[in-house]
Each structure stands twice: as C-alpha cells, then as structure tokens.
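Read the structure below first, then the notes.
The values are calculated or read from the model by the stated rules, or taken from the named source; none is laboratory data. Here the structure is a predicted model, which is why all the values come from computation and not from measurement. As a convention, Cβ positions derive from the backbone with ideal geometry for all residues, glycine included, and neighbour counts pool all protein chains shown. Surface areas here come from the heavy atoms of the whole protein model, side chains and all, with no ligands, DNA or RNA. Shrake-Rupley method; radii C 1.70, N 1.55, O 1.52, S 1.80 Å.
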Amino acid sequence: MNKKSQTQLGYFIDYNLWKDALDLLNFQIQQKKKNRHFNTLSMFYYESLDLTCLKYDPEQYFNIKISTSLFYGLQNEFSVFSYVIPKAGIGLRDYKFFTYPMRVLYYTIGLYLLKLSQEFLDETYGKLSTIEAFYGGNLSYKKEELQLKSFNIYYRTFHQKFKEKIKEEVRSDYKNKVILRLDIENYFNEVSISRLLNLLNSFIKPSIQTEKNFDLFTKQQIICLFNFISDGKLGIPQSDNNIVSSFIGYLYLVFGDLLIDDLFKNSYKSTIDKYKIIRYTDDIYISIKFKDNIEQYNQGLFIHAISSQIAEELYSKLGLKLNLKSKLYRLSSHEEKEELLKNIRKSSPNDQYFSAVQDYDTQQQIVESNTKNPQDKLDDIFKELINIKGSRIEDYFVGGKSVQEEILQEVFDKNVENILEKSDNKKRIKDIFENFNFELVKVQPLEILIVLLRDENTANNFKKFCLNKSVITTGDADLIIKFLCQNHFDIPELRDKLKENSHMRNIIEVFDNKKVNCDQPGYYQLGCMQINNLSKNSDVIEQTRLRVLEEKNNSYSVALNHLVNEIHAICKAWDQENKKDYDINSLVSFLQSKGIKHETCVKIRNLFDRRNSNQVSHPSSNGGLAWEVTKEEYQDYYKHVGLCLDVLLQEQELESCNLRS
C-alpha cells in the first residue's frame with residue numbers, strides 16, 4: 001500500500017487495484033468485437049483513443065495522478081459529462097459519460113468495494129437459502145486475481161437465472177402461494193453512498209477493514225469522489241456498460257434483502273410456511289407460501305402488513321421508496337399467474353442500460369418461444385411494424401398505447417436476423433418503411449432499426465430524417481446514437497447533428513477529439529510535464545481538490561478561499577527565501593523575482609485582499625464590508641493564478657531536468 005496522506009487516494013488504493021480496473025475496462029472494449037451488447041457510445045469512444053500516455057509507464061501515471069488525488073485538478077483528462085436518455089413514455093433518465101481515465105478511476109473504487117465486501121457476500125450473505133440475488137455480471141477475485149471472463153461481465157446469464165428462479169416459484173407448490181413484486185422509485189438516483197459505507201462498516205470483519213484501510217478517512221474520500229462525479233447529488237452514476245455501477249446497485253440492496261429476510265424470519269412463523277426473496281439489482285420478487293389454515297382474507301391482511309413494514313424499513317434504513325408499480329400476484333388465480341409469467345417472459349433488465357441495448361449476436365433467444373419457425377416470427381414482426389406504421393406517435397407517448405415488445409424482440413434471434421437478408425423479406429421491409437413516420441421508430445428503437453437497416457434506401461431515408469430535424473430533443477439524440485452504434489459511429493454529419501442537443505455537445509466534441517488529454521490535462525492551462533512536481537505536495541493537492549468541488553457546486557466564495565490557499569502553498573514550498581511568517585508581501589516578492597508581470601502580481605495581491613472581504617472567510621460584522629464572489633470575478637482571479645503557475649512550474653521542470661542530466 002502506498003504511504004500517502006489520509007486525504008489522498010493512495011491511502012487505500014494501490015497500483016495493482018487501479019491496474020485491475022484498467023484491465024476490466026479494456027476487457028469490456030475487447031468484447032465489443034464479438035458481442036454487440038458493447039456497441040455503445042462510450043465503448044466506441046474508448047476504442048478510438050490513443051492511449052500511449054497510459055501504456056508508456058502506467059505505474060508512474062498512477063503514482064503522479066491517481067494515488068496523489070491530483071486527478072481532481074485535471075479536469076480535461078478526468079471528466080464526467082451529464083446527459084439524459086428517454087424512459088418509457090416521456091420520462092427521462094439521468095446518464096453520465098466518463099472520459100477513459102475517469103471511468104478507470106471509478107472502476108478502481110468499485111473494485112475496492114468488491115474486495116472489501118467479497119468475503120461477506122460469499123460466506124455470509126451468499127449462504128442464505130431464502131435469498132437469490134443477481135446483477136448484470138459477477139465480478140469476483142480469486143487469490144487476489146480479478147476474474148475476467150466474458151460471461152462474468154455480461155448480463156444475459158444472470159438475468160436468465162433470475163427469471164428462471166421466479167418461474168420455479170410459480171410452477172412448484174403454488175397452492176396458497178403469492179408473489180409480491182416490489183418496485184423502487186428512482187433507485188439509482190436515491191442510493192446513498194454514505195449509508196452504504198456505514199453499512200459495510202457494520203457488517204465487514206474488522207480485520208478486513210484494517211487490512212483495506214477502510215476507516216473514516218477512506219469513507220470521506222469515497223464520498224467526496226461520488227460527489228465529484230454527481231455534482232453533489234445523491235445516487236450512483238448510470239452509464240452504458242457500467243458494470244461497477246451495476247455491482248454497487250446490487251450491493252446496496254444486499255442490506256435491503258437482509259432487512260426483508262429479518263421481517264419474515266422473526267415475525268410470521270405462525271402465518272407462512274416458507275418464503276424466498278429473488279432479486280435482480282433493484283427488481284425484487286418475494287415468493288410467499290402460506291400455511292394451509294390461513295384463509296385468503298387473512299392472507300390479504302398479512303400482505304398489507306408485511307408490505308407496509310418493508311416500505312418503512314427500506315425508507316428508514318436505506319432511504320428508498322416503493323412506488324405504485326409494486327404489485328401482488330395470487331398464484332391461485334389463473335389470470336394473475338399468467339400475467340406474471342407474461343411479464344417475466346418479456347422482461348429485460350431495467351437497472352441501467354440493458355433495456356436499451358440488447359445483445360443479438362448470441363444464439364439464445366430473448367423471447368422464449370419455440371413454437372414458430374424464423375419466418376413465422378419475422379412475419380409477426382412485420383405485422384407489428386405495420387400496426388405501428390398505422391398509429392399516431394402521441395398514442396404511445398401520452399396516450400397509453402404500448403408496443404408488443406415480445407414480438408419485436410424476436411429480431412434478436414440469430415435465425416430471424418439471418419433471414420432478413422432474403423430478397424422477399426428485404427422487399428417487404430422496403431414496402432413497410434415507405435411513407436413511414438420515422439418518429440415512430442422511438443417506440444422500440446433498437447429492434448426497429450435492426451430491421452430498417454436491412455434496406456439501404458430506407459436507411460438513407462432515415463439518415464435524412466435525422467439530419468433534417470430542426471430541434472434535437474433527448475429522444476432524437478437517443479435515436480441518432482442508436483443509429484450510429486449500428487453504423488460503427490462512423491457518420492460524421494450525424495455526430496455533428498448531435499451537437500445541436502445541449503446535453504450532447506460537449507460529449508461529441510470529446511468523442512471527436514479522440515485524445516485522453518494527457519498533454520493538457522486541465523490544471524489551469526498547464527502541460528502534463530509542468531504539473532508533475534505538484535504530485536509531491538499533498539497540501540497543494542488538497543486545496544485543489546476542495547477548490548474543484550466548490551467550483552462544481554457553483555460556490556465561488558468558498559472556492560476563492562481554496563484558490564488563495566493553493567497559490568500560497570505553492571509559493572511557500574518553492575520560495576528559497578522562505579520566511580517563518582510567509583505573508584502576502586513575501587509571496588508577491590517571490591513572484592516578482594520570477595519575472596511575473598506586474599498586472600498579475602497586483603491581481604494576486606488583490607486576490608488575498610478579496611479573501612478578506614469574502615462572506616465565507618470574513619462575514620460582515622463591526623461595520624466591515626463583505627460580499628459574495630461572482631463567477632466572473634472568480635474566473636478572473638483563477639486566470640491570473642494560472643499565469644503565475646505557468647512560469648513557476650516551467651522553472652521547476654527545468655530545474656528537475658538539469659538535476660536529472
């Protein structure tokens with residue numbers, strides 16, 4: 001373990017863990033070649049990057065930028081961009097786009113939480129017969145080695161197991177049995193990292209916590225990093241192919257499973273015969289088998305009571321709310337049982353991106369129907385497309401009409417996909433999409449795009465439709481991204497079109513740049529070599545970290561205080577004429593001795609004076625004046641601090657080069 005300050009990431013993260021995170025992300029990128037599930041915006045971006053700066057000396061990269069926490073100040077290199085994607089109807093879901101170094105850093109924290117919790121998950125939680133829980137992967141360590149297998153990072157197997165477990169409960173001994181489905185409101189946005197860390201502190205062995213340096217300082221750092229990623233909001237980031245967010249989402253509700261298990265185990269032995277909690281991330285089903293002497297009326301009373309207690313426990317202990325989509329299925333009712341089975345058959349993971357991006361390179365079908373041959377299935381797809389063609393767009397998004405997803409999802413069957421190439425079928429595709437309102441593609445975009453792309457003329461018409469849009473809404477942007485993902489993201493004019501959406505503009509500019517930004521990482525306007533010496537000064541890095549967090553919160557009065565401390569710490573450390581009382585006069589004399597322009601020296605002096613009339617450090621009292629720092633005022637001071645550092649750090653780099661030579 002690197003011996004770092006308690007305020008630096010190297011206090012609890014080492015190079016090997018960061019390298020595991022690097023290997024995990026690179027392994028996902030490699031999977032893209034054989035599994036279209038990984039054909040997503042982020043993976044296309046990561047695949048296109050020149051990663052020479054990370055490959056040249058990765059351990060040095062880690063030691064300078066990661067373990068020191070210098071990354072907080074490198075805002076071009078370590079960036080997270082917020083955008084939104086459409087949900088069902090007209091709803092929106094918050095999403096994040098990570099630069100490559102930032103995704104690796106986030107994965108590092110996730111793998112740390114995995115190593116911290118794995119023994120508890122395997123030896124305690126995993127041995128409970130009343131709980132079966134899954135998520136979109138199965139990250140694990142074996143003898144300190146991260147297990148990287150294609151099935152471990154891919155959702156399909158685990159979601160199929162989840163569905164099979166529910167169907168087993170439906171088929172077996174269903175007399176006097178009900179299944180309660182719990183739906184959590186805005187789950188990923190409501191996860192509290194501080195609660196999760198406190199729960200881990202309660203459940204993980206003290207010896208493991210000591211070994212992993214899991215203490216108050218580590219918890220504060222992890223919370224700080226999540227605040228940095230989410231701009232101070234609750235929750236964990238959702239982004240395409242983000243297996244770490246999927247794991248953390250699963251881990252948080254491990255403690256929800258235990259709460260529910262305790263309620264059943266300790267309170268209702270006289271009422272129920274057996275129960276089982278089956279969960280996929282935040283999708284929870286509870287199978288409840290009542291004793292034979294419990295009449296249906298009393299079963300209903302029990303369900304109401306236990307549901308209310310679960311709702312209260314999840315809210316009070318985890319801050320989670322159940323919503324109106326929670327539902328009870330009585331297996332004694334044929335209609336309710338069939339409704340449940342139908343919902344299970346057509347279900348797809350809804351924790352992050354899986355519902356939007358399905359794999360269709362696998363031989364296994366999503367829809368488990370073996371009664372029809374591929375052409376019959378395709379005929380059903382064509383009929384559903386004709387039905388959609390004759391509909392109005394508002395029927396689906398505000399009118400409550402739903403598409404038959406299970407029919408369209410048959411296109412993921414490899415055999416169905418193959419026969420799309422037959423000349424008769426391509427002609428039918430052309431006929432269906434003639435005079436088709438392409439706005440209707442949004443009702444089930446990926447499935448419909450897979451079909452329409454088989455006809456070149458239709459694909460060109462769809463491209464023109466996108467390019468001719470005067471306003472690019474969230475739904476339009478999502479549609480264009482999915483279209484680009486089916487075309488190797490290689491249609492520059494459509495990438496340019498995405499920039500017309502305010503959420504996507506910066507992301508596409510980063511995508512087109514195809515650089516990791518090691519050369520200009522974002523610490524003021526300084527180059528990579530200039531910032532290396534900063535990694536040796538933990539006091540400066542800590543002020544930088546605090547400054548950046550306040551900038552992200554638009555708290556410029558607080559950020560200005562840290563800006564003052566930052567330039568003060570740098571000058572004090574590098575001034576050979578260092579005095580015991582290093583005040584503003586000492587600092588300005590040092591800057592002048594380095595040939596820094598008079599205007600900038602005056603601005604730095606004014607910066608210290610402004611700190612003294614800042615509401616944060618000196619609230620108005622005794623007749624003194626104090627007023628809030630504006631963004632424009634702050635940016636002007638920030639610019640001049642950068643000009644100082646440009647000169648000082650260039651000189652430091654020259655001195656280092658002379659010493660090395």
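Only one of Lys161, Lys167, Lys177 is basic (Lys, Arg), closer than 30 Å to Glu339 by Cα, touching a residue at least 12 places away in the same chain (Cβ under 8 Å) and surrounded by 19 or more Cβ atoms within 10 Å (Cβ to Cβ). Can you tell me which?
After applying the criteria, what remains is Lys177.
Search region 309-350 for residues being among the hydroxyl-bearing types (Ser, Thr, Tyr) and part of a helix (DSSP H, G or I), and hand back the single one that is least open to solvent (accessible area, probe 1.4 Å).
Among them, the one singled out is Ser316.
Could you check region 5-22 and list, in sequence order, the residues that are among the charged types (D, E, K, R) and either under 15 Å from Ser69 (Cβ atoms) or touching a strand residue (DSSP E or B) at 6+ places or on another chain (Cβ under 7 Å) (or both)?
Asp14, Asp20 - these are the residues of region 5-22 that are among the charged types (D, E, K, R) and either under 15 Å from Ser69 (Cβ atoms) or touching a strand residue (DSSP E or B) at 6+ places or on another chain (Cβ under 7 Å) (or both).
Do we find that Tyr275 is in contact (Cβ under 8 Å) with a residue 12 or more places away in the chain and either among the charged types (D, E, K, R) or assigned to a helix (DSSP H, G or I) (or both) in this structure?
So Tyr275 fails the test.
Let me spell it out: the conditions are (1) within 30 Å of the chain's Cα centre (by Cα); (2) open to solvent by 50 Å² or more (accessible area, probe 1.4 Å), and Leu494 meets all of them except one. Which number is the exception?
(2)
Restricting attention to region 444-466, report how many residues are open to solvent by 20 Å² or more (accessible area, probe 1.4 Å), part of a helix (DSSP H, G or I) and out of contact with any Lys or Arg (no Cβ under 8 Å at 6 or more places or on another chain).
6
Residue by residue through region 286-307, note down the ones that are aromatic (Phe, Trp, Tyr) and in contact (Cβ under 8 Å) with a residue 12 or more places away in the chain.
Scanning region 286-307 gives Phe290, Phe302.
Ile507 is checked against (1) more than 21 Å from Phe397 (Cα to Cα); (2) surrounded by fewer than 21 Cβ atoms within 10 Å (Cβ to Cβ); (3) in contact with a strand residue (DSSP E or B) (Cβ under 9 Å, 6 or more places away or on another chain) and fails just one. What number does that condition carry?
Of the numbered conditions (1) more than 21 Å from Phe397 (Cα to Cα); (2) surrounded by fewer than 21 Cβ atoms within 10 Å (Cβ to Cβ); (3) in contact with a strand residue (DSSP E or B) (Cβ under 9 Å, 6 or more places away or on another chain), the odd one out for Ile507 is (2).
Give me a count of the residues in region 391-417 that are among the β-branched types (Val, Ile, Thr) and at pLDDT below 85.
So the count comes out to 2.
Given the criteria touching a Lys or Arg at 6+ places or on another chain (Cβ under 7 Å) and either crowded, with 20+ Cβ neighbours inside 10 Å or over 21 Å from Tyr72 (Cβ atoms) (or both), does Leu259 qualify?
When the stated conditions are applied, Leu259 passes them.
For Gly249, all conditions in the list (1) within 24 Å of Phe134 (Cα to Cα); (2) surrounded by fewer than 19 Cβ atoms within 10 Å (Cβ to Cβ) hold save one; what is the number of the exception?
Answer for Gly249: the failing condition is (2).
Counting only residues that are over 23 Å from Lys337 (Cβ atoms), touching a strand residue (DSSP E or B) at 6+ places or on another chain (Cβ under 9 Å) and either open to solvent by 10 Å² or more (accessible area, probe 1.4 Å) or among the hydrophobic types (A, V, I, L, M, F, W, C) (or both), how many does region 269-302 have?
1
Mind checking which residues of region 204-238 are of a type in the set (Gly, Ala, Ser) and modelled with pLDDT under 95?
Residues satisfying the conditions are Ser230, Gly232, Gly235.
For Glu123, are the conditions met, namely being over 25 Å from Tyr285 (Cα atoms) and among the acidic types (Asp, Glu)?
no
Can you find a residue that is free of Cβ contacts under 8 Å to residues at least 40 places away in the same chain, in contact with a Leu (Cβ under 9 Å, 6 or more places away or on another chain) and either closer than 21 Å to Ile131 by Cα or of a type in the set (Phe, Trp, Tyr) (or both) anywhere in region 309-328?
The answer is yes, given that some residue of region 309-328 is free of Cβ contacts under 8 Å to residues at least 40 places away in the same chain, in contact with a Leu (Cβ under 9 Å, 6 or more places away or on another chain) and either closer than 21 Å to Ile131 by Cα or of a type in the set (Phe, Trp, Tyr) (or both).
Kindly check whether there is at least one residue in region 216-226 that is closer than 30 Å to Lys482 by Cβ and not polar (S, T, N, Q).
Scanning region 216-226 turns up at least one residue that is closer than 30 Å to Lys482 by Cβ and not polar (S, T, N, Q).
Just a yes or no: is a residue in region 216-234 within 23 Å of Ile310 (Cα to Cα) and either open to solvent by 10 Å² or more (accessible area, probe 1.4 Å) or assigned to a loop (DSSP other than H, G, I, E, B) (or both)?
yes
If Asn612 passes every condition in (1) closer than 23 Å to Phe228 by Cα; (2) surrounded by fewer than 18 Cβ atoms within 10 Å (Cβ to Cβ) but one, which one does it miss?
Only one criterion in (1) closer than 23 Å to Phe228 by Cα; (2) surrounded by fewer than 18 Cβ atoms within 10 Å (Cβ to Cβ) is unmet by Asn612, namely (1).
Filter region 41-88 down to the residues that are under 18 Å from the mean Cα position of the chain (by Cα) and aliphatic (A, V, I, L, M) and list them by number.
Scanning region 41-88 gives Leu41, Met43, Val80, Val84, Ile85.
Take region 1-34 and flag every residue that is open to solvent by less than 20 Å² (accessible area, probe 1.4 Å) and either among the aromatic types (Phe, Trp, Tyr) or more than 28 Å from Ile222 (Cα to Cα) (or both).
Across region 1-34, the qualifying residues are Phe12, Trp18, Gln31.
Whether any residue in region 550-561 is open to solvent by 40 Å² or more (accessible area, probe 1.4 Å) and under 12 Å from Tyr72 (Cβ atoms) is what I want to check.
yes
Which fully enclosed helices (runs of 4 or more DSSP H) of region 467-577 have 3 or more residues being under 22 Å from Ile229 (Cα atoms) and not basic (Lys, Arg)?
505-513, 538-552, 556-574
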